Every structure is written in C-alpha cells, then in structure tokens.
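Reading through the structure tokens given below for one structure.
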Amino acid sequence: MPLPAWLDKRLHQARGSVPFRTYMEWVLHDPEHGAYGAGRLSIGPRGDFVTAPSLGPEFAALLAPQIARWLEDLPSGRLSLVETGPGEGSLAAQLAEVLSAGWPQLAKRLELVLVEPNEGMAERQRQRLKGCPLPLRWSSFAEMAAAPLTGVVLAHEVLDALAVERIERSGDHWRRQQVTLQEGTLRIVPGEPLEPEDQARLEPLGLLPLDPRRPPGWCSELHPGLAPWLAACAAALAHGRLLVIDYALEAWRYYAPQRSNGTLMAYRAQRASSDPLLEPGQWDLTAHLCIESVLEAADAAGWSFLGQRRQGEALLALGLAQRLHGLQQPQTAAAQATSPGRSEGLAELLARREALLRLVDPTALGDFRWLAFSRGEVSPAAGSSAELFLQEPGEGT
C-alpha cells in the first residue's frame, strides 16, 4: 500500500526513523490522521471490532451493582462515575440508564464524567449520550486534579491502546525496535540497545539473563505508558475505586519463549492482523497488558490493589448464571417459535442469551482480566459485600 503523505512527511522530518512507540502514538491518536484521533474506527458487530458493551445492555446490567456498591461505600456528597476512553459511549449510556433506574437516590448525587483525549471519538460520544439521565461532562485527569473527585473510575479496554515499546533480541542485547522508511517502504528494524536502567527492569519480567530459548529476532512489548497514566488517574481521584478491564497476562505467560512476536495485533472491519504497518491510521493497534507491570505502576502511583478475576468469573459472581436462567423462564424457544406474533420476541431472547454467553467465552471476552484498585480511605458499610466480583463464582447476588 502507498505510504500516506502525512506519515511520509513525519518520517522525513525525523530523519527516516522513529521508535515504534512514537509510530503507534501517531497512527492511533494523531487528531487529524489517527484511527482514534480522527474518530475513524467503529466499534460493534458491524464495525471494526467488538467490545462487551457493543453486544447490548447485558454487560452494563451485570456491572452496575458492583459500581453502585462501591459508590454507596464512599463519603456522602457529590459522587462521580468516570469512564476513560469511552469509545462510542455505549457503556457510559447503559450504566447511566441502569443506575438511574435501579438506584434513584444514589443517582441524585451522581455525575458522569468522560475522559476522552480524541475529539473524533468525543463527537461520537456526544451523539450517543443525548438524553443521558445523569449530569454529564467531558474532562481530563489534569483538569480533575485541580479538585480531585470522589467516585469510581472505569478503564474498559483503554490501557491496551496506550502506545507500547517494542523490544527485540539482537545478539547479546535487547534493542528498541524502530519504524524506518527505506526506499518508500515502512520497515521495523532493531535500534539502539536499551540503557542499563531499562535493562534492569527486564529481570523481574523474566527477560534477563538472556535465555537461548529467545533467539535473535524474538520480540515483545513493554508498557511505559502505564506509569504516567496511573499516576494521572490517581491525582484526579481523592477517594474511590479504579476498575481496569482488559486483555492481560501474567509475565510468565506474556514473555513465554514460544510467544516470539509479542501480543501486538491490528484490527479493522472484524479482521485481525499481526502486521502493525498496514494502512497506518486506518487500523486499531492493541497489545495485551502485563499484569505485573500494571501492579508495579499502580503501586508506585499510590493505588492499593484489591484483587483480580477473569471476566467470566467476575460476571458469574455478579449474577450472570441467574440472568441466563431468567431468560429461559417466559417460554421455551419452541413454544415462542409457534406462537403468533412472537418471532421477534424469540429473536430478541436468543440475541440476549448469545450476548451473555459471549461475555464469558474463555476463548474470547471471558478471558479479560478485571483488576480492582482503591485510593483514599474507603470504609465499606456494615454488612456490605463491596467486592462482589472478587467472590468465588456462585456466591453473592
């Protein structure tokens, strides 16, 4: 594919080569040319990729009791539900509706705050959230830090879009990968060796000492964007909780020798590719999180780790099995299919059931990790089970 003129110009200005992290930041978040920055990507079954909220309202209905419980445990006064990187605005809209209907007293002192750095996506959110039942505003962590909030921050599939550092083994060194322009063609090549202080960070991840099972050319990702993001989020929240929901792996799995090309993937029009150089600015680029890297960065930023679950386990603890059972109660599928005028009801019932099953499919969305953190003094109310999703599946609601 021909190289976009804007990227050709940028690379020539950078003498033909930039770190992969810079390239990823450009093609995702540039306000004019980036896939997110320009609002080019579409989320949903008919879009570029699917997220849990894009499958329908079931995900928000299951998540809402946990959010409400956390909010109820916070001091009296104004509360905020903050969603970062809200995508199309579907989850924010769904949670606002569920919380307003199910917890009306709580909703009276609750505002919805969206943190969206990309104006293209913010415009899509404004359209989706017309008529939102909660007070609504857009803000930034820097703006909120001037008067830190009390509430809950939700980061659903947002940290995997932070630009990553790509490293590659080359001889006896780990080197940063560079994106270079060679005779009009983009290529990824090993750059300079990592500095000693950066090399030292690799040992806890199992990447040092060098292992012959990771031969020259073996590459993976580091996540330098996590620490500043978590620090900025902490500065914006005086008291409350942070829930990160994303693809994440333990370091021993993330950097396993057999995972020789890391986790970086490109998505567009429901297609996946391992080539991050395809049509720059047209594809989503995403890399899994390393759980140990998240926890280290969160601890340095002052977050207290509450625990984690796979999404399938979390949703079962929040009542997914009961919700599935409830869908079977009105009529059996066979009875609905033979009832005059009920074909549309059956289709809706089956679609809801399909959405619930996709949320817990261990080969897809069910393997997402939920990581919960707290900040400030939070004392759960007497008898409260504040961490519903951290209970064993089958307990709780």
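The values are calculated or read from the model by the stated rules, or taken from the named source; none is laboratory data. Small disclaimer: the values here were computed from a predicted structure and weren't measured. Cβ atoms come from the backbone with ideal geometry, glycine included; neighbour counts cover every protein chain shown.
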Of all residues in the stretch 284-299, which are outside any strand (DSSP E or B) and either under 27 Å from Glu32 (Cα atoms) or under 17 Å from the mean Cα position of the chain (by Cα) (or both)? Ala287, His288, Ile291, Glu292, Ser293, Val294, Leu295, Ala297, Ala298
From the option list Leu74, Leu63, single residue qualifying as crowded, with 17+ Cβ neighbours inside 10 Å and in contact with a helix residue (DSSP H, G or I) (Cβ under 9 Å, 6 or more places away or on another chain) is Leu63
Just the residues that are under 18 Å from Tyr36 (Cβ atoms), assigned to a helix (DSSP H, G or I) and in contact with an Asp or Glu (Cβ under 7 Å, 6 or more places away or on another chain), please, taken from the stretch 95-146. Ala122, Arg124, Gln125, Arg128
Every residue in the stretch 234-265 that is over 30 Å from Glu387 (Cα atoms), touching a residue at least 40 places away in the same chain (Cβ under 8 Å) and of a type in the set (A, V, I, L, M), please. Leu264
I'm told Ala227 meets every condition in (1) part of a helix (DSSP H, G or I); (2) without any contact (Cβ under 8 Å) to a residue 40 or more places away in the chain; (3) small (Gly, Ala, Ser) except one. Can you identify the failing condition by its number? (2)
Cβ-Cβ under 7 Å pairs, at least 6 apart or on other chains, the stretch 114-129 side under 18 Å from Glu25 (Cα atoms), far side surrounded by 22 or more Cβ atoms within 10 Å (Cβ to Cβ) and hydrophobic (A, V, I, L, M, F, W, C): Val115/Val82
Kindly evaluate Ala61 against the criterion of being small (Gly, Ala, Ser), over 27 Å from Leu162 (Cβ atoms) and either at pLDDT 95 or above or in a helix (DSSP H, G or I) (or both). yes
What are the residue pairs meeting all of these: first residue in the stretch 1-16, first residue at pLDDT 95 or above, second residue assigned to a loop (DSSP other than H, G, I, E, B) and of a type in the set (Lys, Arg), Cβ atoms under 8 Å, and 6 or more apart or on different chains? none
Filtered residues of the stretch 1-36 (kept if surrounded by 14 or more Cβ atoms within 10 Å (Cβ to Cβ) and outside any helix (DSSP H, G or I)): Leu3, Pro4, Ala14, Ser17, Val18, Pro19, Asp30, His33, Gly34, Ala35, Tyr36
Is one or more of the residues making up the stretch 198-214 farther than 25 Å from Tyr23 by Cα, among the hydrophobic types (A, V, I, L, M, F, W, C), crowded, with 20+ Cβ neighbours inside 10 Å and touching a helix residue (DSSP H, G or I) at 6+ places or on another chain (Cβ under 9 Å)? no
Can you go through Gly312, Gly281 and tell me which one is on the phi > 0 side of the Ramachandran plot and either touching a residue at least 60 places away in the same chain (Cβ under 8 Å) or in a helix (DSSP H, G or I) (or both)? Gly281
Evaluate the following for Asp246: is it modelled with pLDDT under 95, charged (D, E, K, R) and either over 17 Å from the mean Cα position of the chain (by Cα) or within 19 Å of Glu296 (Cβ to Cβ) (or both)? no
Might you let me know whether the stretch 362-376 holds any residue that is in contact with a Leu (Cβ under 8 Å, 6 or more places away or on another chain), part of a loop (DSSP other than H, G, I, E, B) and at pLDDT 60 or above? yes
From the residues in the stretch 243-278 that are of a type outside the set (A, V, I, L, M, F, W, C) and outside any loop (DSSP other than H, G, I, E, B), which one is farthest from Pro2 (Cα to Cα)? Arg253
